[in-house]
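Comments concern the structure below.
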Amino acid sequence: MQIQVRPSIITRNPRLGGEDSVDLLWLSAILKDIKAGSSLIEATKKSGTSYRGAWEKLNLAEEALATPLIIRTKGHGSKLTSFGEFFLEFIDEMQASNHKYVKTYQDMLSKKIGEAGVADSKRWRFSSSSDAVIQQSVSEIKGFDLKIAGSGEALEKLLNNETDLAGYHVSDKKNSKAIHSRLSKNDIQIYPVMKRVQGLMVKKGNPLGIQSILDLTNPKIRFINRQIGSGTRQLLDTLLMDEEISPSDVNGYLHEEFTHSAISNAILAGKADVGIGVKNVAMESGLSFIPLKDEIFFVAMKKEVADQSIATKLIRRIRSHADTTRGYKAVSLNRQISGWI
């Protein structure tokens, strides 16, 4: 692709109520050919413009300048007026004077277009905690390679330059602030995107009457856990600590799965009685749900990713889906999550 930045005359078109433009370098070539003895027809053929189109452009230029550029004599061709001679020299001198500056800007523009093209065609690595809204949003926007990872793992990958974006969720304001501070110090942009509800997923109708974390100490109740490093696992450990419950008192604490859907499937298959997950997965799976805690989901990314339009599109898409998905609510303004960052 070759780009040229060229001077033009911009004129108002009172008949159409808009603007017209005449390329001065094109006009200069036409005037030079006429000065050299060519007819307007011959000059327009050389320029690749139709005779009618050239005639209209010349009229536009003359209307804008309020002065004739050529004299049209039937049977004798056309020649430049004295002002036409001046204007031809004016264009040439202006172009010669501005050439080095114009070339600098052309090169700058071409380089930026090239960079934008590379950025738009690049596939950005996205490590994120398991979430249906995130997965749906990424599937609808080309340019991201999504890999499911626990919140902690995703953040470490981002800090170690092993991924370009990280999706993580936090249910504790203190932890959220600590993460935000660490990421900010590494020039990483953080965007709150949605609020969701985590809770206990149990069989439909809750046949065992499970109501709270305290019920997990019942040895007859089989629990299924999330993997180490996941935000849900961290939530569970915090809740157990708050209730002064030892992990060893939970039947199935060491039984792990890697996604909310895997937890719900295990309960549906009768392999466990209860697990922790998001409300939306429980509802879609036909399970009963006991809310435990709200949490905020964030997307963090390197500045070079945040500068791309595709990043803005992704954030908007996530928030849009969050507003139409049960168990979620979109968040954007910092005042919506005051105290979390």
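The values are calculated or read from the model by the stated rules, or taken from the named source; none is laboratory data. Because the structure is predicted, anything quoted here is derived from the model rather than measured. Cβ atoms come from the backbone with ideal geometry, glycine included; neighbour counts cover every protein chain shown. Side chains are part of the model used for accessible areas, which takes the heavy atoms of the whole protein and leaves out ligands, DNA and RNA. Shrake-Rupley method; radii C 1.70, N 1.55, O 1.52, S 1.80 Å.
Worth a mention:
- Any chance Ala300 is part of a helix (DSSP H, G or I) and not β-branched (Val, Ile, Thr): no
- Region 170-183: number of residues that are surrounded by 19 or more Cβ atoms within 10 Å (Cβ to Cβ) and farther than 17 Å from Ala330 by Cβ: 4
- Residues being among the hydrophobic types (A, V, I, L, M, F, W, C), surrounded by 13 or more Cβ atoms within 10 Å (Cβ to Cβ) and either within 44 Å of the chain's Cα centre (by Cα) or closer than 17 Å to Ile10 by Cα (or both) - total across region 47-84: 8
- Selection status of Gly167, under 30 Å from Ser309 (Cβ atoms) and surrounded by 22 or more Cβ atoms within 10 Å (Cβ to Cβ): yes
- Candidates Asn186, Asn161, filtered to the one that is open to solvent by 10 Å² or more (accessible area, probe 1.4 Å) and either on the phi > 0 side of the Ramachandran plot or at pLDDT 95 or above (or both): Asn161
- Among residues of region 222-256, those that are open to solvent by less than 80 Å² (accessible area, probe 1.4 Å), among the hydrophobic types (A, V, I, L, M, F, W, C), part of a loop (DSSP other than H, G, I, E, B) and within 16 Å of Ala272 (Cα to Cα), counted: 1
- Counting the residues of region 304-336 that are in a loop (DSSP other than H, G, I, E, B) and of a type outside the set (A, V, I, L, M) gives 8.
- Test: Gly339 is more than 29 Å from Arg123 (Cα to Cα), modelled with pLDDT under 95 and assigned to a loop (DSSP other than H, G, I, E, B): yes
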